[in-house]
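K.L.:
Would you mind keeping the following structure in view while I ask a few things?
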Amino acid sequence: MRVPILKQGDYVIASIQSALTDDDLIQLRDDLAAHVGKYRSKGVIVDVTVLDVMDSFATRTVRDLAQMVRLRGARTVIVGIQPEVAFAMVQLGLELGSVATALDLEEALALLRYEGQ
């Protein structure tokens, strides 16, 4: 299932609508890296609000996505990590590394605008 990716000014926003397979996550990573180049985006926002699980593969793929996007000149912000998901990630020792997180889309946009100054 392809994740819809929207262009909003200097940013692209991917809003995950349902649980993703490993192949879906890889496709999302590749699609976002391509969109950054195509639109010369300064930032990427990935909304994971609907996810009730982030396993080690999903966490690693998000980290890789952020690194790929950074190498293409943009920043990544992950939004909407649910409290239960955050708790499970901590218990399992899963980390997003230096990937920025925000509570919602509005906070993510503000963060990207602030970092872009």
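K.L.:
Over the Cα atoms of the chain, each weighted equally, I'd like the Debye log10 I(q)/I(0) at q = 0.21 Å⁻¹, rounded to two decimals.
P.N.:
Calculated log10 I(q)/I(0) at the listed q: -1.20.
K.L.:
In whole Å, what three semi-axes, largest first, describe the equivalent ellipsoid of segment 70-117 built from its Cα gyration tensor (square root of 5 times each eigenvalue)? Walk me through the numbers on the way to the answer.
P.N.:
Numbers: eigenvalues 104, 39, 8 Å².
Rounded to whole Å, the semi-axes are 23, 14, 6.
K.L.:
Separation between the F87 and K38 pseudo-spin-labels, each 7 Å from Cα along Cα→Cβ, expressed in nm?
P.N.:
Roughly 4.0 nm, to one decimal.
K.L.:
With +1 on each Lys and Arg Cβ and -1 on each Asp and Glu Cβ, how big is the dipole of the chain about its Cα centre, in debye rounded to the nearest 20?
P.N.:
Details: 12 positive and 16 negative charges, 138 e Å.
The dipole magnitude comes to about 660 debye.
K.L.:
Please give the calculated 222 nm ellipticity per residue for the chain, where each DSSP H segment of at least 4 residues contributes -39500 (n - 2.57) and the sum is spread over every residue; nearest 500 deg cm²/dmol?
P.N.:
Working: 4 runs with 55 residues, N = 117.
Per the formula, -15000 deg cm²/dmol.
K.L.:
Arrange the following residues from fewest to most other Cβ atoms within 10 Å of their Cβ: M68, M54. Working shown, then result.
P.N.:
Details: M68 17, M54 21.
Ranked by crowding around the Cβ, least crowded first: M68, M54.
K.L.:
Taking neighbour Cβ counts within 10 Å as the exposure measure, how do Y114, Y11 sort from fewest upward? Please report the intermediate quantities before stating the final value.
P.N.:
Working: Y114 8, Y11 22.
Ordered from fewest to most neighbouring Cβ atoms within 10 Å, Y114, Y11 come out as Y114, Y11.
K.L.:
Considering the options Q91, I16, Q67, tell which one lies farthest towards the positive end of the dipole of segment 5-115, charges being +1 on Lys and Arg and -1 on Asp and Glu at the Cβ, about the Cα centre.
P.N.:
So the residue furthest toward the plus end is Q67.
K.L.:
Taking H placed 1.01 Å from N in the peptide plane, check which residues at least 5 places from I45 or on another chain put their amide H under 5 Å from its amide H.
P.N.:
V12, I13, A14, V77
Every read-out reported here was derived from the displayed coordinates using simple, explicitly stated rules and does not represent laboratory data. What you see is a predicted model, and the numbers here were worked out from it, not measured in a lab. Reconstructed Cβ throughout: ideal geometry from the backbone, glycine too, with neighbour counts over all protein chains shown.
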